1. (1) surrounded by 14 or more Cβ atoms within 10 Å (Cβ to Cβ); (2) in contact with an Asp or Glu (Cβ under 7 Å, 6 or more places away or on another chain); (3) not polar (S, T, N, Q): which one isn't true of E32, the others all being true?
2. So, in segment 212-262, how many residues would count as being small (G, A, S), assigned to a loop (DSSP other than H, G, I, E, B), more than 24 Å from V315 (Cβ to Cβ) and open to solvent by less than 40 Å² (accessible area, probe 1.4 Å)?
3. Considering only residues that are open to solvent by 60 Å² or more (accessible area, probe 1.4 Å) and assigned to a helix (DSSP H, G or I), which ones fall in segment 61-71?
4. Every residue in segment 293-345 that is within 27 Å of C365 (Cα to Cα) and of a type in the set (D, E), please.
5. Tell me, yes or no, whether segment 6-13 has at least one residue that is more than 23 Å from the chain's Cα centre (by Cα), within 13 Å of the ligand (Cβ to nearest atom) and open to solvent by 20 Å² or more (accessible area, probe 1.4 Å).
6. Do we have L255 as farther than 26 Å from Q187 by Cα, within 26 Å of the chain's Cα centre (by Cα) and of a type in the set (A, V, I, L, M, F, W, C) here?
7. Filter segment 323-376 down to the residues that are open to solvent by 30 Å² or more (accessible area, probe 1.4 Å) and in a strand (DSSP E or B) and list them by number.
Amino acid sequence: MNYDVVIIGGGASGLMCAATAAYRGRKVLLLEHTKKIGRKILMSGGGRCNFTHLHNSPANFLSDNPHFCKSALSRFRAADFVELVDRHGIEYHEKTPGQLFCNESSKEILQLLLTECDWAGVEIMTETSVFEVEQGAQGYHVRTSRGQFDVESVVIASGGLSIPNGGATGFAYDVAEQFGLKVTPRQAALVPFTLQPDLLEHLKPLSGVSQPVRVSCNGMSFSENLLLTHRGLSGPAILQISSYWHAGDEIEIDLLPQLALEDWLKEQRQQRPKAELRTLMAQHMTKRLAQTLCELWGFEGEVGQYSNARLQEVVQQFKHWRVKPSGTEGYRTAEVTLGGIDTNEISQKTFEAKKAPGLFFIGECLDVTGHLGGHNFQWAWASGFCAGQFV
Ligand SMILES: Cc1cc2nc3c(=O)[nH]c(=O)nc-3n(C[C@H](O)[C@H](O)[C@H](O)COP(=O)(O)OP(=O)(O)OC[C@H]3O[C@@H](n4cnc5c(N)ncnc54)[C@H](O)[C@@H]3O)c2cc1C
């Protein structure tokens, strides 16, 4: 059992790193503690894996050090992964501009990675628990439920905290702290918001209704769909802004981002003074949403009765709806973990810990978090590929 490299975590970044290193002639062992390799790949993109984003760039990532991701993202681009996908004959389509999804199934992306690992000669062990990573005189001792492996390089690719019942652990952060590396505060991200009980009671019957909105928080805005759920607010707009939200913050929702509402309402007041406000608003959203919001905000009656000041109140509510979420659904449903291992501790070229030569960290466990839309996988591929050239 002689290996050069042990990679801990059989997810997106670990598989990419394993194949890359093994193609260089390194003897690579990949350890996964669950039964299943690549579980999040299988779950992703509603079963069709949004495997990259054509317009991926460093601007799509949050990190205390926004420069860290630049080097890896420029060395392994979306086009490089697309080339791999093409080479494996996987058919895909572009959904929302830039977002690439498999036509058939996420299984194809996992199979691509497993095939590459197989061709490169990676050995994979599932259902293997890692008890300890210890620095030796030369390299590392990795103690596991299948014995001890003494290797030159260890790669921690065990991901973040989201979906704990799918195998997520805080292993990477524990190892980082064991070796004296700083870990930034973490929170669930790309996650739905929960609402205060009184607001939820009003909105709950609208569960399933969606509306294109522009949502803003802490200086960031996203124009995408909002989805009302029986727990609160979800949909791509909300998942995106959740990465910028901190407990106690308000978010602002423009329910009609494409409409100059005040001008339009004034026109309507002239042309259709007898029309109820809710009827007018239902031209721009579902009838139920218009009715519920008009009731919630007390906008009753015919538009002809509305003064300019009252119309401005309508505009204020529909275009600047301020909502204070009670929280998020947490790691149970979050797509990713915001924060993680401080990138100042890691070489942006090799992904090696500066304080622990031979110990590498890649993927989501680092303080690099992508926007929704394939950016998180692109980070996993890029960081895995780059580290794979140095382990
Ligand atoms: C429901 C869902 C949908 C998503 N959809 C998309 C999408 O469409 N596009 C996109 O870009 N991103 C998506 N993401 C995010 C994406 O899945 C992650 O960013 C990505 O998988 C991170 O890769 P990783 O290799 O760092 O970690 P993971 O892929 O999470 O892999 C980590 C692996 O390490 C294993 N592990 C954990 N602890 C240990 C341990 N102690 N010992 C051994 N093994 C361990 C885990 O079981 C897991 O297999 C989605 C996430 C979720 C939860």
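The values are calculated or read from the model by the stated rules, or taken from the named source; none is laboratory data. What you see is a predicted model, and the numbers here were worked out from it, not measured in a lab. Heads up, the Cβs are rebuilt from the backbone with ideal geometry, glycines too, and the neighbour counts pull from every protein chain shown. Only protein heavy atoms, including side chains, enter the accessible area calculation; ligands, DNA and RNA are left aside. Shrake-Rupley method; radii C 1.70, N 1.55, O 1.52, S 1.80 Å.
1. It fails just one condition, (2).
2. The qualifying residues number 1.
3. K70
4. Within segment 293-345, E329, E335, D342, E345 meet the criteria.
5. no
6. yes
7. Of everything in segment 323-376, those that are open to solvent by 30 Å² or more (accessible area, probe 1.4 Å) and in a strand (DSSP E or B) turn out to be T328, E352, P357.
One line per residue, one yes/no per condition, for (1) of a type in the set (D, E, K, R); (2) open to solvent by less than 20 Å² (accessible area, probe 1.4 Å); (3) within 13 Å of the ligand (Cβ to nearest atom):
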{"position": "M43", "(1), (2), (3)": "no, no, yes"}
{"position": "G47", "(1), (2), (3)": "no, no, yes"}
{"position": "F81", "(1), (2), (3)": "no, yes, yes"}
{"position": "D86", "(1), (2), (3)": "yes, no, no"}
{"position": "G98", "(1), (2), (3)": "no, yes, yes"}
